[in-house]
Amino acid sequence: MSMIDPILANKVKTYRWVSLITLWFVYFFVYFDRVAPAVVAPELVKQFDISAASLGLLAGAYFYPYALMQIPSGLLSDFIGPRKAVTIFFSIAGVGTLIFGLADTFGVAVFGRALMGVGVAVVYLPIMKIQAAWWKPQDFAMLTGILLTIGNLGALGAAGPLAALVDATGWRTSFYLLAIVTIVLASAVYILVRNKPQDMGLPSIQDVENFQAPGMDAKLKPSQALKYAIFNRNFPLLGLYIGLMYGPFMAFQGLWAVPYMMDVLNFAKVDAGWAISFWAVGMVIGCPIWGFISDRIVKARRPVIVVGGILHTIGWVFIAMNPSGWSMFTISAFCVYMGATGGSYVVSHAQMGESVPRAVVATAIGAFNVFSFVYGSFLQPWVGKILDSYGRNELGKFPVEAYTIAFWIFAAGLAIATLGVVFTRETYIRRDHVEAKPAPEGSADLVS
């Protein structure tokens, strides 16, 4: 391999942080948008006079288009590039946020929330593509862990701080401000982000870091990219796992935790908002640690995912057995534990990304991510239906038994999915094995 000018190599290693940090700011608000309905739920129920199931539908309206956009998001990232994809779609998210804040009917609010989902859906996978283009494979899980930490800082901002802002300015004004920030960040992406070092006349990361990455710039048709993504044994097993790990996150952290704490634990809304913010604190701690453990200590993906899944399942079993009587301190500690153990799911993204050629990593993770948001979009209104089936008591609160059923189902689903991970193929730093020549069109015998 030819020698690289140290000055050019240093520019690559410096500018990649400009691109990535800009996208980190964007991703902060992806999570902020995702969990905001949990904090404003009482205001939305009052404003639109809706049932628990309808509230679940409103919150879930973010996830339906998010799930549908995962495969297109991966294809957009692979074929038009992260910079254009994020600029266009995060602008759409800004418009949706404004419509949500302006909504005077339930239908308009659902439409605005759906546009938010469409827009923010095209952020995570472009970031995966940026990481693959600017960093070596050994950094993938750790960088993804940091990214999810940033996202969970956004979830943290959408908990207690958003509750305080809503109390001070009202829920509509809060969303107007969020819309402005979203549009500004979309503009920053277009100005600052570059898809790969070569776009700036710089050497590729393979040359700078002196590693082989066959297939990095392979030219594939979208149909071939999808075949690489789907036709390997890891795809369905990891998909089941990520759905049954992440779906309950969104059902609980993203919507029903605040009502649960208000109904069962008798917390004030602001106190409940601060308590659930500790889930994000746990993920801020856990995501990079699990990534580091996988990349640098265990040097494997599968066992790390399995251990994390077991620990997280134990948490759901514990709250199902003990759903009431929690203090502010103990429920906050529980949320830290659940966030920290749930952060292990970051390693499944690395395993999925390593199961396919680098040229189609965004498409693969996009198809894989569909499972997360299909389950999330299903579980939010589904929990609402369980609550409605029990009805409110004389104090206007849902009973503890309704929430307990949801906790047991979360635990059972994740236990089954974690067992499935045992049968996945280990992928840690196996790119030389999977970066084969593109399969002939029509071939279904791809990555085993």
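The values are calculated or read from the model by the stated rules, or taken from the named source; none is laboratory data. Keep in mind that what you see is a predicted model, and the values were worked out from it rather than measured. Here the Cβ is made from the backbone with ideal geometry for all residues, glycine too, and neighbour counts use every protein chain on show. Just so you know, the surface numbers come from the protein's heavy atoms only, side chains and all, with ligands and any DNA or RNA stripped out. Shrake-Rupley method; radii C 1.70, N 1.55, O 1.52, S 1.80 Å.
What do you reckon, is Gly254 touching a residue at least 40 places away in the same chain (Cβ under 8 Å), within 14 Å of Gln70 (Cβ to Cβ) and surrounded by 22 or more Cβ atoms within 10 Å (Cβ to Cβ)? Considered against the rule, which asks whether it is touching a residue at least 40 places away in the same chain (Cβ under 8 Å), within 14 Å of Gln70 (Cβ to Cβ) and surrounded by 22 or more Cβ atoms within 10 Å (Cβ to Cβ), Gly254 comes out as no.
For the condition in a helix (DSSP H, G or I), within 23 Å of Phe373 (Cα to Cα), touching a Cys at 6+ places or on another chain (Cβ under 6 Å) and of a type in the set (Ser, Thr, Tyr), Thr144 does not qualify. What about Ile127, is it among the hydrophobic types (A, V, I, L, M, F, W, C), assigned to a helix (DSSP H, G or I) and open to solvent by less than 30 Å² (accessible area, probe 1.4 Å)? Against the criterion (among the hydrophobic types (A, V, I, L, M, F, W, C), assigned to a helix (DSSP H, G or I) and open to solvent by less than 30 Å² (accessible area, probe 1.4 Å)), Ile127 qualifies. Applying the set (1) open to solvent by 10 Å² or more (accessible area, probe 1.4 Å); (2) within 24 Å of Lys11 (Cα to Cα) to Leu156 leaves exactly one unmet item: (2). Looking for something over 30 Å from Ile50 (Cα atoms) and open to solvent by less than 10 Å² (accessible area, probe 1.4 Å) - is there at least one such residue anywhere in segment 318-335? Looking for residues that are over 30 Å from Ile50 (Cα atoms) and open to solvent by less than 10 Å² (accessible area, probe 1.4 Å), one finds none in segment 318-335, hence no. For segment 262-282, filtered to residues that are surrounded by 24 or more Cβ atoms within 10 Å (Cβ to Cβ) and among the aliphatic types (A, V, I, L, M), the residue that is farthest from Ala364 (Cα to Cα) is Ala272. Give me the residue from segment 196-208 that is part of a helix (DSSP H, G or I) and more than 15 Å from Trp17 (Cβ to Cβ) and, out of that set, least open to solvent (accessible area, probe 1.4 Å). Applying the filter and picking the extreme gives Gln206.
If the condition is being crowded, with 18+ Cβ neighbours inside 10 Å and either within 25 Å of the chain's Cα centre (by Cα) or not small (Gly, Ala, Ser) (or both), then segment 389-403 contributes Phe398, Tyr403. Yes or no: Phe25 at pLDDT 85 or above, assigned to a helix (DSSP H, G or I) and open to solvent by less than 50 Å² (accessible area, probe 1.4 Å)? The answer is no for Phe25. For segment 326-373, which residues satisfy the criterion of being closer than 30 Å to Ala268 by Cα, of a type outside the set (A, V, I, L, M, F, W, C) and part of a helix (DSSP H, G or I)? Once the filter is applied, which keeps residues that are closer than 30 Å to Ala268 by Cα, of a type outside the set (A, V, I, L, M, F, W, C) and part of a helix (DSSP H, G or I), segment 326-373 yields Thr330, Ser332, Tyr337, Gly339, Thr341, Gly342, Gly343. Can you confirm whether segment 341-349 contains a residue that is in contact with a His (Cβ under 6 Å, 6 or more places away or on another chain), modelled with pLDDT of 95 or more and buried (at least 22 other Cβ atoms within 10 Å of the Cβ)? Yes, segment 341-349 contains a residue that is in contact with a His (Cβ under 6 Å, 6 or more places away or on another chain), modelled with pLDDT of 95 or more and buried (at least 22 other Cβ atoms within 10 Å of the Cβ). Of all positions in segment 377-384, at least one carries a residue that is touching a residue at least 24 places away in the same chain (Cβ under 8 Å) and either closer than 26 Å to Gly291 by Cα or touching a Pro at 6+ places or on another chain (Cβ under 7 Å) (or both). Beta carbons closer than 9 Å, at least 6 apart along the sequence or on distinct chains, pair a first residue in segment 93-118 that is farther than 13 Å from Phe48 by Cα with a second that is assigned to a loop (DSSP other than H, G, I, E, B) and open to solvent by 10 Å² or more (accessible area, probe 1.4 Å) for Gly117/Met69; Val118/Met69. Criterion applied to Gly117, Gly107, Gly101 was being buried (at least 24 other Cβ atoms within 10 Å of the Cβ) and of a type in the set (Gly, Ala, Ser), and the one residue passing it is Gly117.
Would you confirm, using the coordinates I've provided, whether Gly81 is of a type outside the set (A, V, I, L, M), open to solvent by less than 50 Å² (accessible area, probe 1.4 Å) and out of contact with any Ser or Thr (no Cβ under 9 Å at 6 or more places or on another chain)? Answer is yes for this residue.
Among (1) small (Gly, Ala, Ser); (2) assigned to a helix (DSSP H, G or I); (3) in contact (Cβ under 8 Å) with a residue 60 or more places away in the chain, where does Gly315 come up short? All conditions pass for Gly315, except number (3). Of all residues in segment 174-195, those being assigned to a helix (DSSP H, G or I) and open to solvent by 40 Å² or more (accessible area, probe 1.4 Å) number 10. Scanning segment 43-72 for residues that are open to solvent by 30 Å² or more (accessible area, probe 1.4 Å) and either aromatic (Phe, Trp, Tyr) or more than 16 Å from Gly396 (Cα to Cα) (or both) yields Gln47, Ser54, Leu57, Tyr64, Leu68, Met69, Ile71, Pro72.
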